[in-house]
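The values are calculated or read from the model by the stated rules, or taken from the named source; none is laboratory data. Since the model is a prediction, treat every value here as computed from it, not as a measurement. Glycine gets a Cβ as well: all are built from the backbone with ideal geometry, and neighbour counts include every protein chain shown. Only protein heavy atoms, including side chains, enter the accessible area calculation; ligands, DNA and RNA are left aside. Shrake-Rupley method; radii C 1.70, N 1.55, O 1.52, S 1.80 Å.
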Amino acid sequence: MVNVEEFIDEATDEISEAVGDANAIIALSGGVDSSVAAALAYRAIGEQLTPVYVDTGLMRKGETDQIRETFSFMESLEVVEAQDRFLDALAGVTDPEEKRHVIGEQFIREFEREATETDAQYLVQGTIYPDRIESEGNIKSHHNVGGLPDVVDFEGIVEPVRDLYKDEVREVARALDLEAVISERMPFPGPGLAVRIIGEITEEKLEVARDACHIVEEEVAEHDPWQAFAAVIGKATGVKGDNRVHGWVVSVRSVESRDGMTARAQNLPWETLQRIQSRITGENDDVARVVYDVTHKPPATIEYE
């Protein structure tokens with residue numbers, strides 16, 4: 001386990017040395033990894049740093065408002081409304097790896113645009129060790145590692161938490177006095193809801209996935225999962241009222257893990273699962289059925305794509 005105080009000192013020194021007198025932007029998503037990277041970078045270089053949050057249209061329900069509130073102490077925070085650009089770039093894309101590469105490139109282009117406006121030469125990212133392992137092992141390309149384009153218009157990319165596992169990042173977050181809403185927050189994938197939608201991404205699927213994920217997070221919170229969410233996996237026949245519907249199938253996933261490298265499907269109470277399915281099907285007329293994923297990692301990954 002990492003020596004937290006020693007790590008914080010070393011990481012801030014590393015950022016300060018890497019960036020020097022130049023400016024940098026931090027890719028801020030609101031998750032614990034990027035938030036810790038942002039806090040370390042802010043401690044290291046202060047006003048030389050511009051935090052940039054990109055609203056891709058693939059984010060959790062209420063995410064953008066939460067970011068504005070949580071990071072209001074960083075006066076230089078930039079919120080980039082890029083929903084149309086991301087969804088246009090993803091139009092017609094169905095392959096999971098291609099999705100990740102499209103999203104990775106679009107993120108970089110957004111950051112390059114912001115860097116030009118702030119005269120930033122460096123990009124700080126919240127890449128952690130499991131991101132690197134899964135990308136380099138060809139399990140899946142993380143948008144901030146294997147999903148990056150070959151040509152990046154930055155003098156350097158700084159990754160202060162690249163050697164940490166998720167539980168170690170949380171320890172650093174607590175030591176940095178980040179709010180519990182950040183330090184204890186469930187992991188959320190960098191590509192967002194794009195990897196919780198099988199096949200092409202559409203506005204309709206996004207709405208279903210976003211609302212269903214919100215319901216799942218609310219309903220399973222008392223069971224303290226490492227990660228819990230919903231995914232839109234296809235269509236099936238159902239009955240609502242006296243009418244046949246051909247609606248979306250939503251798969252619910254809730255797992256226990258220490259670092260995300262392996263995971264066990266959580267044995268949720270039947271009553272909890274029934275509340276989840278009742279809310280998801282009741283609050284969205286286009287959902288025909290809800291299923292629960294009992295697969296561990298391995299053989300599955302935690303996310304669907």
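Observations
- Among residues of the stretch 252-267, those that are buried (at least 20 other Cβ atoms within 10 Å of the Cβ) and out of contact with any Pro (no Cβ under 7 Å at 6 or more places or on another chain), counted: 3
- Selected residue [of a type in the set (A, V, I, L, M, F, W, C), surrounded by fewer than 18 Cβ atoms within 10 Å (Cβ to Cβ) and either within 30 Å of Ala120 (Cβ to Cβ) or at pLDDT below 95 (or both)] from Ala173, Ala180: Ala180
- Some residue of the stretch 71-83 being out of contact with any His (no Cβ under 6 Å at 6 or more places or on another chain) and assigned to a helix (DSSP H, G or I): yes
- Of everything listed in (1) touching a residue at least 40 places away in the same chain (Cβ under 8 Å); (2) under 27 Å from Tyr304 (Cα atoms); (3) over 16 Å from the mean Cα position of the chain (by Cα), the single unmet condition for Glu81 is (1).
- Selected residue (only one of Glu200, Glu155 is among the charged types (D, E, K, R), in contact (Cβ under 8 Å) with a residue 60 or more places away in the chain and within 30 Å of Asp21 (Cβ to Cβ)): Glu155
- Members of the stretch 80-104 that are open to solvent by 70 Å² or more (accessible area, probe 1.4 Å), modelled with pLDDT of 95 or more, closer than 28 Å to Glu117 by Cα and not basic (Lys, Arg): Glu81, Asp84, Asp88
- Residue within the stretch 20-31 that is surrounded by fewer than 24 Cβ atoms within 10 Å (Cβ to Cβ), acidic (Asp, Glu), touching a residue at least 60 places away in the same chain (Cβ under 8 Å) and closer than 24 Å to Gly156 by Cβ present: no
- Meets criteria (open to solvent by less than 60 Å² (accessible area, probe 1.4 Å), at pLDDT 95 or above and either hydrophobic (A, V, I, L, M, F, W, C) or more than 25 Å from Gly62 (Cα to Cα) (or both)) for Ile276: yes
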